[in-house]
Amino acid sequence: MGVKAALPRYELYFYNVVLCTAMLWAARWIFDVSSSNSNRKTFKTSVQPGWYYSGRKMDTADVEWMMWFSTFREHVIFALSGHVIFAKICSLLAPQYRSLVFMVYGMLAVFTSMGWAYVTLILSHCVLLYSISLVKLRWLCFVAGLTTLATFKMEPFISWQAGFVTGSFELRPLLFYGGCGFTIMRCMSFALENCEKKDGNYSILELLKYNFYLPFFYFGPIMTFDKFYIQANNPNLTRKDGEMWNICLQGLLHLGVIMIVAVLLHFMYILTIPSDMKLLKNISDWALVGLAYLNLVYDWVKAAVMFGVINTISRLDHLDPPKPPKCITMLYVFSETHFDRGINDFLCKYVYNYLGGKHDNVLDELIASLCTFGIAALWLGPGWVVFIWAFLNCFGRNFELWTAQFFTMEPFISIEMAISESMSRRIRAVFNTFNFWTIVLYNVLALNSLEFAKLVAKRLLLKGFPFTTITVMFVTYCLIQLIKERERRQALIDDPDPIPPPAPASAPTPKDPSTTQTDAAAAAQPVDPNKQKAE
């Protein structure tokens, strides 16, 4: 991160060729496994008949994706279209009341889909946390909010509250937990912002406007109350030049990605194969490693598309929602690893940055990380897999910072000053390669299963050593270098200081003393909430 050193063009071309070849090779093996095992007994429940003209079955293991873009597609389109229409009419006729219209439409939509008992349950939690926020004690708001959140994650409280919602609507369990969980997080954000308000209190009506904004209600992302309050009550609804065109282009892009994912799920059963351990033991190391990587890429694509659709709607409402998560392909430091930027921003603002201060003290940083991942574990639902995931990611984040501080000491700083910038970039990329696969394995654990993560680690590091291990790490090294090159080019656009172009093969790269810190050391600086590891 922040490395401005350029590499020779032929070296970058070589990295591109190696990476593309390896990805196509792994995809070919996964395609062959999917084609030759489509009739396995373990596949019958999740591999269903797909598009008729494709002549292939489709991987339907991801219930959330199928709900959004297949099973309940018409319901989602109808609800969001109604919101856009009413919001547009209100914005034209009475823009000062648009946040109120958002609330009324959201409450009616929730009432229609879930019933009056569910709306009453949501309102009771809002009133409870609003009452506590009037005391203006941060610790009390946190305790009350986390305790309330725990009632939706632990028995017997889950069953008791779920009993208020009756009916056989297939989608209701998912909507119940999604709406309740995000409601509690939004109420906590409101309560904590109310504690910071010096003059008086926000009204409960503002809380209800914030909570019942339909695009965010069931599935997020979480937009902290301070941002929502300012943007939703802004009477100035003018747009920048080209903004509407960008919104339309974003919507078309998401539609295109949805179609591409649907096509890929007909040819590569990347979601179903990890559940068949007997089959996994018989596939090649490359196919297994590629399968683990593609599972993470798919989860990022799903998060980016689902949040992207919601973000497109909210941008039409003149809001600036949390950005989609950074692609897993672009991640090689723990400080930027998150799949829900809304939750990440929430935890960084109210927990990580609040407790960590300037993030220059090892003990404060450790306490802040433990608290952050503790709340993240509660949000995901307590369980051994979640606890292991939280511990490993918390350790990885802190170890990254410890290593960064260690390598800013002598003699390492002098050694780095003595070598060329391009060589420094290559050395960093070697360390980033191991970091990359640590991130992949830790998150495969949460997305799939402990058994699948153990099998991937065993085949990559033990059984496949040395050939598979060295080959995979070299391909990953090529990927890291291409990521760094993309960051270098982006810095050329963003940074007014000139950045040297890619060096010719025979010319040494001039030394710039400003780049002597390691990549991870950049993460040890005062925290940017959009770049910190929270989930």
- Query: Relative to the present Cα-Cα distance, how much length would full extension add between Ile260 and Leu24 at 0.36 nm per residue of separation?
  - Reply: 83.3 nm
- Query: To the nearest Å, what is the center-to-center distance of segment 272-307 and segment 346-380, using C-alpha atoms only?
  - Reply: 30
- Query: Any idea how far apart Leu363 and Leu462 come out in nm if each label point goes 7 Å out from Cα toward Cβ?
  - Reply: 3.9
- Under the 7 Å Cα-to-Cβ spin-label approximation, Trp51 and Asn282 lie apart by a distance in nanometres of 3.0
- Query: Using θ = phi - 60° and the Karplus curve 6.51 cos²θ - 1.76 cosθ + 1.60, what whole-Hz ³J(HN,Hα) does each residue of segment 428-442 get, with Gly and Pro shown as x?
  - Reply: 4, 4, 4, 5, 5, 4, 5, 4, 4, 6, 5, 4, 4, 5, 4
- Task: May I ask you to compute the full-extension gain from Met423 to Asp241, defined as 0.36 nm times their residue separation minus their alpha-carbon distance, rounded to one decimal in nm?
- Result: 61.2 nm
- Subtracting the Cα-Cα distance of Phe391 and Val135 from 0.36 nm times their residue separation yields 88.8 nm
- Message: With a 1.4 Å probe and all protein chains kept in place, how do Leu208, Leu347 rank by accessible area, largest first?
- Response: Leu208, Leu347
- What is the distance in Å between the Cα centres of segment 414-471 and segment 52-88? 37
- Using a 1.4 Å probe and ignoring any ligands, DNA or RNA, find the accessible area of Glu451 and quote it in Å² to the nearest 10. 100
- Message: Out of the total accessible area of the chain (probe 1.4 Å, heavy atoms of protein only), what percent is carbon and sulfur?
- Response: 69
- Message: Suppose we keep just the alpha-carbon trace of segment 221-317; what are its Rg and Dmax in angstrom?
- Response: 19.4, 62
- Message: Between helix 467-494 and the chain, what is the angle of the helix's C-alpha long axis to the longest principal axis, kept within 0 to 90° and rounded to the nearest 10?
- Response: 70
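In terms of solvent-accessible area of protein heavy atoms at a 1.4 angstrom probe, what is the ranking of Met67, Met409, highest value first?
From most accessible down to least: Met409, Met67.
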- Query: With contacts defined as alpha carbon pairs under 8 Å and 6 or more residues apart, what's the relative contact order of segment 177-286 in percent?
  - Reply: 26
- Item | For the chain: relative contact order, % (alpha-carbon pairs under 8 angstrom, 6 or more apart) | 24
- Heavy-atom accessible area per residue - segment 165-221, 1.4 Å, Å²: 35
- Give the value in nm², to one decimal: projected area of the alpha carbon convex hull of the chain, averaged over all directions. 27.4
- From the backbone phi of segment 135-148, what are the Karplus-calculated ³J(HN,Hα) couplings (6.51 cos²θ - 1.76 cosθ + 1.60, θ = phi - 60°) in whole Hz, Gly and Pro given as x? 6, 6, 10, 4, 4, 5, 5, 5, 4, 5, x, 5, 5, 5
- Task: Ignoring everything but the protein chains, give the 1.4 Å probe accessible area of Thr238 in square angstrom, nearest 10.
- Result: 100
- Over segment 152-232, what is the mean sequence separation of C-alpha contacts under 8 Å (at least six apart), divided by residue count, expressed as relative contact order in percent? 35
- Query: Tilt of helix 172-196 relative to the longest C-alpha principal axis of the chain, in degrees (0 to 90, nearest 10)?
  - Reply: 90
- With Cα coordinates, the longest principal axis of the chain makes an angle with the long axis of helix 285-316, in degrees rounded to 10, of 40
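For the chain, what does the helix formula give at 222 nm: sum of -39500 (n - 2.57) over DSSP H segments with n ≥ 4, over the residue count, nearest 500 deg cm²/dmol? The partial results should precede the final answer.
Values: 23 runs with 341 residues, N = 535.
Taking each H run of at least 4 residues, the total per residue is -21000 deg cm²/dmol.
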- Message: Debye calculation, C-alpha points only, no solvent: report log10 I(q)/I(0) for segment 161-255 at q = 0.14, 0.22 Å⁻¹, in the same order as the q values.
- Response: -0.72, -1.11
- Other-chain or far-sequence residues with amide H under 5 Å of Leu7's (modelled H): Ala503
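The values are calculated or read from the model by the stated rules, or taken from the named source; none is laboratory data. For clarity, every value in this text was computed on a predicted model and none was experimentally measured. All Cβ positions, even for glycine, are placed from backbone atoms using ideal geometry, and neighbour counts span all protein chains on display. To get the accessible areas, we keep the full protein, side chains included, count just its heavy atoms, and leave off ligands, DNA and RNA. Shrake-Rupley method; radii C 1.70, N 1.55, O 1.52, S 1.80 Å.
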